[in-house]
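Every read-out reported here was derived from the displayed coordinates using simple, explicitly stated rules and does not represent laboratory data. If you're wondering where the values come from, they're calculated on a predicted model, not measured in any experiment. Because the Cβ atoms are built from the backbone with ideal geometry, glycine has one as well, and the counts that use them run over all protein chains shown.
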Amino acid sequence: MESKSIIACLIIGLGTFIFRFIPFLFGEKMSNSFFRGLLPFFKLSGISIIASLFILSLNLNINLIFSLYAIKVILSCLAVIFCSIIFKNPGISVLIGIFVFFVTNLVI
Amino acid sequence: MHDSYRNKWIFFLKGVRDSFPIVIGYFPIALTFGLSSIEAGFSSNFSLFISMIMFAGASQFAFLGMIEEGATLPFTVLICLALNIRHIIYGPTLSVKLKEKKLLPLLSFGLTDEVFGLAFANIESHPKEVQSMWLLGIEVGAYLSWTIATYIGACSHEIVDNYFPSIFKESLSFSLPALFLAILIPMIDRETAWIILLSFIVTFIFIAFGLASYSPLCVGILNPILYMLFRGKWWNQNL
């Protein structure tokens, strides 16, 4: 499985590099071209994908939505939201979110 | 000439020091990635390889998740690339502020969400001639944290399994939703709140119909179009 996965990784790595490098290289030219009109689409597309991945990463299903797991997730998410607003530092928000999830796992 | 050379390395080291908030955030996530990749059936060396080549947290986890769910490799590649499309806006946005255009290929490789956020907020407070070296320092700190933590996570899989209670691993499993949420929060405003809500609804529908792995790509394409249809006018706005 790993040999095929290596090729997949290389393609993803190369593609990601191109996504980062080409617009960076032509940044100033793009800002005055037709491509600028597409930037809002990609921004909204990126936000949509992150929002979707957030839900997927919670590993929810219909049974879990109405369980204690949902309460733990909601409390931990509230901690992340609160810390993101207060500290404006994703690192601290993630650490506190994990800590709150750990505590809720112990308590609930 | 010598002073200028020394000055650049001083700002490089300052960048490494300034990357500390990213290092704190990346460490548990990369550690979890290392653990998860072993559980997905990969070796510790391959886990490190993934982190070294991709250096893109969300798509790395998506890669693992989709392989575990049995998705085909072409589809997995497509999803991971679709997920990283958002990176195309970072370069043009940052290039407006970055006065020195050296080292662009190197700087592009390390331009993750968090690096972009930190650089965008602080780069103008540094002298023009050292901005690239400072940004490189940020990226090197972030990259080392990400790759080293991945390897530690992958190598310590057995230790975690044998000596740490399962509650520890369960708690680390929240690092991924926490990361996505922490990235999402600063992006929320009156316009994007609608599209995030739409993404949640569409993703729940996909989960309910057992099509969870297809949802990121579908919402990435459909949501901006749906948003345009229902809310109109965004196309000409400078979001």
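Let me make sure I get this right: for the range B:163-232, a, b and c are the square roots of the gyration tensor eigenvalues over alpha carbons, sorted descending. Under 1.5 in a/c it's rounded, otherwise prolate if a/b > b/c, else oblate. Which is it?
Here the range B:163-232 falls in the oblate category.
Regarding the range B:2-175, what whole-number volume in Å³ per residue does the convex hull of its Cα atoms give? All intermediate terms of the calculation are to be shown ahead of the outcome.
Details: hull volume 21.3 nm³, N = 174.
Spread over its residues, the Cα hull of the range B:2-175 gives 122 Å³ apiece.
Within chain B, which whole H helices from DSSP have a Cα span along their axis of at least 20 Å and a mean Kyte-Doolittle hydropathy of 0.0 or more, if any? Could the numbers behind the result be given before it?
Numbers: long enough: B:2-18 (24 Å, -0.93); B:20-39 (29 Å, 1.44); B:131-155 (36 Å, 0.93); B:192-208 (24 Å, 2.54); B:215-231 (21 Å, 1.29).
In chain B, the long hydrophobic H runs are B:20-39, B:131-155, B:192-208, B:215-231.
Treating cross-link reach as a plain straight distance, find the aspartates and glutamates whose alpha-carbon is under 19 Å from the alpha-carbon of A:Lys72, omitting any fewer than eight places away in the same chain.
Of all the aspartates and glutamates, those that pass the test against A:Lys72 - Cα under 19 Å, at least 8 places apart if same chain - are B:Glu170.
Where does chain B land at 222 nm, in deg cm²/dmol rounded to the nearest 500, when only DSSP H runs of n ≥ 4 count, each adding -39500 (n - 2.57), divided by all residues? Spell out each step's value before the answer.
Working: 14 runs with 177 residues, N = 239.
Taking each H run of at least 4 residues, the total per residue is -23500 deg cm²/dmol.
Over the Cα atoms, compute the radius of gyration (one decimal) and Dmax (the largest Cα-Cα distance, rounded to a whole number) for the range B:119-185, in Å.
Rg, Dmax (Cα atoms, Å): 17.4, 52.
Which loop trypsin sites (Lys or Arg not before Pro) in the range B:54-158, with loop taken from DSSP, have no more than 14 other Cβ atoms within 10 angstrom of their Cβ?
Numbers: sites: B:Arg86, B:Lys97, B:Lys99, B:Lys101, B:Lys102, B:Lys128; in loops: B:Lys97, B:Lys99, B:Lys101, B:Lys102.
Answer by residue number: B:Lys97, B:Lys99, B:Lys101, B:Lys102.
Given an 8 Å cut-off on Cα distances and at least 6 residues of separation, report the relative contact order of chain B as a percent.
32 percent
If you project the alpha carbons of the range A:60-108 onto their three principal axes, what span does each projection cover, largest first, in Å?
34, 21, 12 Å, listed from the longest principal axis down.
What pairs in A:Lys4/B:Lys169; A:Lys4/B:Lys97; A:Lys88/B:Lys102; A:Lys43/A:Lys88 have C-alpha atoms more than 32 Å from each other?
Those over the limit are A:Lys4/B:Lys97.
Cα-Cα pairs above 26 Å in the protein assembly as shown: how many percent?
Summing the P(r) of the protein assembly as shown above 26 Å gives 49 percent of all pairs.
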